[in-house]
Amino acid sequence: MPTVYRPRVILAEDHARVAEQLHRLLAPEFDIVAIVPDGHALLRAVEATAPDVIVADIMMPGLDGITAAAMVLARCPATRVVLVTAHDDPELAARGYAAGALGYVSKHRAAQELVTAVRAAARGDRYQSTRLSRRGMV
């Protein structure tokens with residue numbers, strides 16, 4: 001039986017309970033190589049694990065997800081980034097895309113959209129949460 005490639009994913013989320021929920025959503029299809037609580041830990045984990053995709057909360061202590069994503073992409077441009085957030089803010093989405101993220105998913109829609117967003121990012125395609133799309137926000 002041929003081996004199916006499973007993209008390697010880092011989760012960056014400062015709330016342990018949310019991180020566990022995201023892990024449960026993604027683990028059936030992706031190899032979760034690290035779960036980290038902030039942007040600084042994300043930078044260290046990227047160096048240690050060389051992920052294909054990063055799923056990062058935008059609002060994290062110390063170093064936010066957008067800034068951390070921009071730093072990762074400056075060093076490792078082949079890495080794909082999906083941002084997750086509780087904020088349906090078009091300015092945050094625009095900042096995230098400008099930093100190089102390929103996906104933006106509302107935490108309110110994560111159960112329905114996160115796997116699709118990570119799949120899209122792994123292929124190099126862009127994904128935007130339907131919460132923003134419906135509002136014509138970005």
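Values quoted throughout were computed directly from the atomic coordinates according to the rules given, and no laboratory measurement underlies them. This structure is a prediction, so every number in the text was calculated from the model and none was measured. Here the Cβ is made from the backbone with ideal geometry for all residues, glycine too, and neighbour counts use every protein chain on show.
Quick look at the values:
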{"read-out": "Within the chain, helix-based [θ] at 222 nm, where runs of 4 or more DSSP H residues each add -39,500 (n - 2.57), nearest 500", "value": "-13500 deg cm²/dmol"}
{"read-out": "Percentage relative contact order, segment 1-121, counting C-alpha pairs under 8 Å, at least six apart", "value": "23 percent"}
{"read-out": "Per principal axis, descending, Cα span of segment 8-135 in whole Å", "value": "39, 30, 28"}
{"read-out": "Local electrostatic count at G96 - Lys and Arg +1, Asp and Glu -1, tallied over other residues with Cβ under 13 Å", "value": "-2"}
{"read-out": "For the chain, built as a Gaussian network whose Cα springs stay under 10 Å, the top-fluctuating residue of V115, V53, V84", "value": "V115"}
{"read-out": "HN-Hα J in Hz across segment 69-85 - Karplus 6.51, -1.76, 1.60, θ = phi - 60°, x for Gly and Pro", "value": "4, 4, 5, 4, 5, 5, 8, 9, x, 7, 5, 9, 10, 10, 9, 10, 7"}
{"read-out": "Charge dipole magnitude, Cβ of K and R +1, D and E -1 - segment 8-135, Cα centre, debye nearest 20", "value": "360 debye"}
